[in-house]
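Encoded as C-alpha cells, the structure appears first; notes follow it.
The values are calculated or read from the model by the stated rules, or taken from the named source; none is laboratory data. In this text the structure is predicted, and so the values were computed from the model without any measurement. Backbone-built Cβ (ideal geometry, glycine too); neighbour counts: all protein chains shown.
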Protein chains: 2
Amino acid sequence: MKIRCLKSDLVKGVSIVSKAVPTKTTMPILECILIDATTDIIKLTANDMELGIETVIRGQIDEKGMIALDARIFSDIVRKLPDNEIVIESGVNFQTLITCEKAKFNISGKSGEDFSYLPYIERENPVSISQFTLKEVIRQTIFSIADNDSNKLMTGELFDMNGDILKVVSLDGHRISIRKIELKESYEPKKIVVPGKTLIEVSKILSGEADSEVRLYFTANHIVFEFDDTVVVSRLIEGEYFRIEQMLSNDYETKVRINKRELLNCIDRATLLVKEGDKKPIIINIQDEMMELKIKSEKGTMDEEIMITKEGKDLLIGFNPKFLIDALRVIDDEEADLYFMNAKAPCFIKDEGESYVYLILPVNFSGAV
Amino acid sequence: MKIRCLKSDLVKGVSIVSKAVPTKTTMPILECILIDATTDIIKLTANDMELGIETVIRGQIDEKGMIALDARIFSDIVRKLPDNEIVIESGVNFQTLITCEKAKFNISGKSGEDFSYLPYIERENPVSISQFTLKEVIRQTIFSIADNDSNKLMTGELFDMNGDILKVVSLDGHRISIRKIELKESYEPKKIVVPGKTLIEVSKILSGEADSEVRLYFTANHIVFEFDDTVVVSRLIEGEYFRIEQMLSNDYETKVRINKRELLNCIDRATLLVKEGDKKPIIINIQDEMMELKIKSEKGTMDEEIMITKEGKDLLIGFNPKFLIDALRVIDDEEADLYFMNAKAPCFIKDEGESYVYLILPVNFSGAV
C-alpha cells in the first residue's frame, strides 16, 4: 500500500477514529487504526467491538492495499510531522514507512486482514437531526447516567422516538434528565438505549454546526451515526428502560423563579467546603422573595441569600449540591423555574414547554442545619 | 481583626504567598496564611521554614489584629467570591467570618501568635536586576538542576557575582547551564547557592516586566528578593559549589550552525519513539552542509536530515535527546552554534558573547546505530 495525503487531513481523520480505540484490551489488533486503501478511497477504521468508527480522508492512492498501525504511535507521529504532504508506504512484513519532508519514520504494522471490520448495517429510513442539536442534547443529559456498571441500563440513555418527537432520557437513581426535541419528520414509535460512552465519543466528533446533519439508523442491536465523512456504529444496551412517566408530576406546592447564574455561582461556592463524596447537603430555605442557602462541614459554614420570585408555600429542603450544579450548568436560560411539592418529594427544574426536565431527589438533612 | 479589601487585590496577594505554603508538613500552622493587620498595613505571609513570602495588599483596617487561616480553604473561598469588596472579621476562638455581598463564610482560624515569622534580614547594598531578566535567567537554567536530593548542591543554582557580572549556573552531572548577565553597577565578589525550588516559585511571582526591578540581598545563610509589594526570603544551600571552569573549553574540532527551530522540532519528533527513562540516544551524523539524526527503539526507527553550515571535521555522536531539547527550548536565537571536540567530549551550545553556555555530555551509542 502507498498513499499520500495532507497532514491536516490525516490528523483530523486519526483523531476521529481514535475515539474508538480501547485504552485496555487483550486483543492487540484493536489497539490499531486500519488504513484501508483497497478501493478508490482512503478509509480509517478503529473498533473496540462495542463502538466502531470509520472515516474517509482525502488523499491519493499510489498503490492499493491496507495496513493496521498502532493507534498511539501512528497518531503521535502524524501530529508531530511538519505541516505538509505525508506518504505512508507499507512493505514486506507490514513494515511501514511514514515520510514527510526530510523526516522518515519506520514502524511495524499488522495485517489489515486481522482487523475486525465494523458490522454491516442496512441503512434505511434515517432519522435526521442537526449536529448542533444532537451535541446539545447529549451535553444536557449525559451527566446523569450512572458512573458504575451495577445496572447496565443506567449507563446508557434512552432514545424514545414517537411521531415527530425525540425524547432523550438519562437517570442514575437520584435524578432524571429529559430533553425533548421536535424532528422535521414523523417516525414510527421506537425505543432504544444507547451506551453513554458512545454518546460521549460521538459528541466529541460532532462539529456542532446547526446546518450540518447527522443521520441516525437503528437496528435491533445497533445504532449508526452518519455525518460528514464519518460513520459511527455502536451496539445498543439490551433490556427495557425504566418507566419514568410515573415519577413525573406537574403538581407543585412551591414554585421558585431564580436567576440561574446567581444560583449556580452560590452553590458552586458552597461546595468548596465539602469534599467530593462527602454527602453534605446544601439546605435551601425558601421564603417570600428570598431563598437562603446553607452548607456546613468540618471546614466551616457558608450561607447566602438570593432574591427569588415565589409562588406557594415556604419550604426547607436539602439537596446534594452536585446534582443541582450539574443540571443548572447545562440550562441555557437566564431564569430557571424550580417546582417543589414537599421536603421529601423530588424537585423539578423545567421550562414551560418542557423541552428540558430535570428531576432531582432531595436528601435528608436532619441535624445538618 | 476586621479588614476590607477588593477581591482582586486579595486574590493576587493570596496567590503570591501561597507559593510558600508547604504541600506536606507536620506543623499545621505552616499550612496557613497569616493575615497581619496589627499596624497600618495589611500583610499576608506564608512560610515553609525554607522559603517565606510576604506581600502587602491594599485595603482598609477597621480593627487591628491578626489571624492565621488555612491557605487552601481561604484561597478557594476568596477565588469563588463575587468580584466585589470582601470583609474579613475574626472573633472569639479565632472564628473568622468572610463576607462578600450576600455570601457569608465562617471558618476556624488559628492564632497569628503561633505563626513563624520570616527571619529578620538586614537589607543593605542590594543587587538590582529587572524582573524580566531574572525571570529569563531562571527559565534558561532551572531545567538542569538535579531532580533528586542525592547531592544537595545540585538541587540549587550558583549565583556568582564578580564586578558587574552575575553568572548563574546549574548542573546535574550530565550537563551544565550557564547564563551571564551584566549588572548596572559593580559589586564585591560573592558566590551563593540558591535552592531550585525558591527560584521556581520566585519566577512564578515575578511579573516579568523589563522596567520593574528586583532587589537581591544576601547574608551568610539567606537570600532576599524584594519586588513590587512582595518580599521573598529563602535559606541558601550550604557548601562549596562545583568548580566548573575546568570543564569548559573553547577548543573545538567541529562547529555547526543550525536553525534552532528545525533542530528542536526534529528531536522532538524523534523522542516520540522513546519512553522517558528509556535512555535511547539520538545519533547525530555531522557531514558537510547536512546533519542526519537517527533514533531507534522497539517502537520503530526515525531518521531525518537537516541543512547546516559546518566548520571542521565530520562527526558521529550520540546524545540523550531530552538534554538537547531542554537547552534548545530556552534559547531565543534563531540560529544556534554547536561546538564539538569528539564523540566522547561534551558538546557546547553557546552564543558568541557567551551570554549563555550549555554543556551536554554525549552518550555511548555502540550498537544503537
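Would you pick out the residues in region A:345-356 that are outside any strand (DSSP E or B), over 20 Å from A:Asn285 (Cβ atoms) and either touching a residue at least 40 places away in the same chain (Cβ under 8 Å) or not charged (D, E, K, R) (or both)?
Scanning region A:345-356 gives A:Gly353, A:Glu354, A:Ser355.
Return the total of residues in region B:75-94 being out of contact with any strand residue (DSSP E or B) (no Cβ under 6 Å at 6 or more places or on another chain) and at the interface with chain A (Cβ under 9 Å from one of its Cβ atoms).
The qualifying residues number 3.
Among the residues of region A:73-80, is any crowded, with 19+ Cβ neighbours inside 10 Å, acidic (Asp, Glu) and not assigned by TED's automatic domain parsing to the domain that holds A:Ser234?
Within region A:73-80 (the criterion being crowded, with 19+ Cβ neighbours inside 10 Å, acidic (Asp, Glu) and not assigned by TED's automatic domain parsing to the domain that holds A:Ser234), the answer is no, since none of the residues qualifies.
Given the conditions (1) in contact with a strand residue (DSSP E or B) (Cβ under 8 Å, 6 or more places away or on another chain); (2) within 23 Å of B:Val17 (Cα to Cα), and given that B:Ile200 satisfies all but one, which numbered condition is not satisfied?
Going through (1) in contact with a strand residue (DSSP E or B) (Cβ under 8 Å, 6 or more places away or on another chain); (2) within 23 Å of B:Val17 (Cα to Cα) one by one, B:Ile200 breaks only (1).
For region A:328-344, what are the residues that are touching a Phe, Trp or Tyr at 6+ places or on another chain (Cβ under 9 Å) and within 18 Å of A:Ile283 (Cβ to Cβ)?
Within region A:328-344, A:Leu328, A:Leu338, A:Phe340, A:Met341, A:Ala343 qualify.
Report the residue count in region A:50-69 for those that are buried (at least 21 other Cβ atoms within 10 Å of the Cβ) and either closer than 15 Å to A:Ser15 by Cβ or at the interface with another protein chain (Cβ under 10 Å from one of its Cβ atoms) (or both).
So the count comes out to 5.
State whether the residues of region B:303-316 include one that is of a type in the set (Val, Ile, Thr) and closer than 19 Å to B:Ile178 by Cα.
no
Residue by residue, here is whether (1) modelled with pLDDT under 95; (2) crowded, with 22+ Cβ neighbours inside 10 Å; (3) out of contact with any Pro (no Cβ under 8 Å at 6 or more places or on another chain) holds:
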| residue | (1), (2), (3) |
| --- | --- |
| B:Lys7 | no, no, no |
| B:Val14 | no, yes, yes |
| B:Leu34 | no, yes, yes |
| B:Thr45 | no, yes, yes |
| B:Asp48 | yes, no, no |
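Of the residues B:Asp228, B:Asp211, B:Asp251, which is away from chain A (no Cβ under 14 Å) and over 26 Å from the mean Cα position of the chain (by Cα)?
On inspection, the qualifying residue turns out to be B:Asp251.
From the residues in region B:313-344 that are in contact (Cβ under 8 Å) with a residue 40 or more places away in the chain and small (Gly, Ala, Ser), which one is surrounded by the most Cβ atoms within 10 Å (Cβ to Cβ)?
B:Ala327
Of the numbered conditions (1) closer than 21 Å to A:Val357 by Cα; (2) surrounded by 17 or more Cβ atoms within 10 Å (Cβ to Cβ), A:Ile237 fails exactly one; give the number of that condition.
Evaluating A:Ile237 over (1) closer than 21 Å to A:Val357 by Cα; (2) surrounded by 17 or more Cβ atoms within 10 Å (Cβ to Cβ) leaves (1) as the failure.
Can you tell me which residue in region B:299-315 is nearest to the other protein chains (Cβ to nearest Cβ), limited to those that are of a type in the set (A, V, I, L, M, F, W, C) and under 19 Å from B:Arg257 (Cβ atoms)?
Step by step, filter region B:299-315, then rank; the result is B:Ile306.
Under 8 Å between Cβ atoms, which residue pairs at least 6 apart in sequence (or on different chains) link something in region A:1-27 that is touching a residue at least 60 places away in the same chain (Cβ under 8 Å) with a partner that is part of a loop (DSSP other than H, G, I, E, B) and surrounded by 19 or more Cβ atoms within 10 Å (Cβ to Cβ)?
What qualifies is A:Ile3/A:Gly59; A:Arg4/A:Gly59; A:Cys5/A:Gly59; A:Leu6/A:Gly59; A:Lys7/A:Leu81; A:Leu10/A:Gly59; A:Ala20/A:Asp48.
Could you say which residue among B:Met291, B:Met341 is aliphatic (A, V, I, L, M) and within 14 Å of chain A (Cβ to nearest Cβ)?
It is B:Met291.
Which residues, counting only those in region B:168-195, are touching a residue at least 24 places away in the same chain (Cβ under 8 Å), surrounded by fewer than 21 Cβ atoms within 10 Å (Cβ to Cβ) and in contact with a Gly (Cβ under 6 Å, 6 or more places away or on another chain)?
Result: B:Pro195, single match.
State all residues of region B:99-120 that are closer than 11 Å to B:Ile77 by Cβ, facing chain A (nearest Cβ under 9 Å) and in contact with a helix residue (DSSP H, G or I) (Cβ under 9 Å, 6 or more places away or on another chain); if no residue qualifies, say none.
B:Ala103, B:Phe105, B:Ile107
Can you pull out the residues in region A:354-369 that are surrounded by fewer than 18 Cβ atoms within 10 Å (Cβ to Cβ) and modelled with pLDDT of 95 or more?
Residues satisfying the conditions are A:Glu354, A:Ser355, A:Leu361.
Please work out if A:Arg269 is within 22 Å of B:Val78 (Cα to Cα), surrounded by fewer than 19 Cβ atoms within 10 Å (Cβ to Cβ) and either free of Cβ contacts under 8 Å to residues at least 12 places away in the same chain or not β-branched (Val, Ile, Thr) (or both).
No: the conditions fail for A:Arg269.
Within region B:126-137, can one find any residue that is of a type in the set (Gly, Ala, Ser), in contact with a strand residue (DSSP E or B) (Cβ under 9 Å, 6 or more places away or on another chain) and more than 21 Å from B:Arg215 (Cβ to Cβ)?
Looking for residues that are of a type in the set (Gly, Ala, Ser), in contact with a strand residue (DSSP E or B) (Cβ under 9 Å, 6 or more places away or on another chain) and more than 21 Å from B:Arg215 (Cβ to Cβ), one finds none in region B:126-137, hence no.
Out of all the residues in region B:242-259, which are surrounded by 18 or more Cβ atoms within 10 Å (Cβ to Cβ) and touching an Asp or Glu at 6+ places or on another chain (Cβ under 8 Å)?
Correct list: B:Thr254, B:Val256, B:Ile258.
Filter region A:286-322 for residues that are assigned to a strand (DSSP E or B) and of a type in the set (S, T, N, Q) and give the result.
Across region A:286-322, the qualifying residues are A:Gln287, A:Ser297, A:Thr301, A:Thr309.
Kindly indicate whether B:Asn285 is under 30 Å from B:Val168 (Cβ atoms) and not assigned by TED's automatic domain parsing to the domain that holds B:Ala146.
It is false that B:Asn285 is under 30 Å from B:Val168 (Cβ atoms) and not assigned by TED's automatic domain parsing to the domain that holds B:Ala146.
I'm checking my understanding of the structure. Among residues of region B:266-281 that are of a type outside the set (Asp, Glu) and more than 13 Å from chain A (Cβ to nearest Cβ), which one is nearest to B:Cys347 (Cα to Cα)?
B:Pro281
Considering only residues that are in contact (Cβ under 8 Å) with a residue 60 or more places away in the chain and of a type in the set (A, V, I, L, M, F, W, C), which ones fall in region B:129-146?
Correct list: B:Ile129, B:Phe132, B:Leu134, B:Ile138, B:Ile142, B:Phe143.
Being surrounded by fewer than 16 Cβ atoms within 10 Å (Cβ to Cβ) and either in contact (Cβ under 8 Å) with a residue 40 or more places away in the chain or more than 18 Å from A:Leu273 (Cβ to Cβ) (or both) is the filter here, so list the residues in region B:83-104 that pass it.
Residues satisfying the conditions are B:Asp83, B:Asn84, B:Gly91, B:Val92, B:Asn93.
Checking B:Lys296 against (1) within 14 Å of chain A (Cβ to nearest Cβ); (2) under 28 Å from B:Glu136 (Cα atoms); (3) surrounded by 17 or more Cβ atoms within 10 Å (Cβ to Cβ); (4) touching a residue at least 24 places away in the same chain (Cβ under 8 Å), which single condition isn't satisfied?
Exception for B:Lys296: condition (2).
Which of the strands (runs of 3 or more DSSP E) found entirely inside region B:160-250 contain at least 1 residues meeting this: of a type in the set (S, T, N, Q) and at pLDDT 95 or above?
Those strands (runs of 3 or more DSSP E) span B:175-195, B:230-235.
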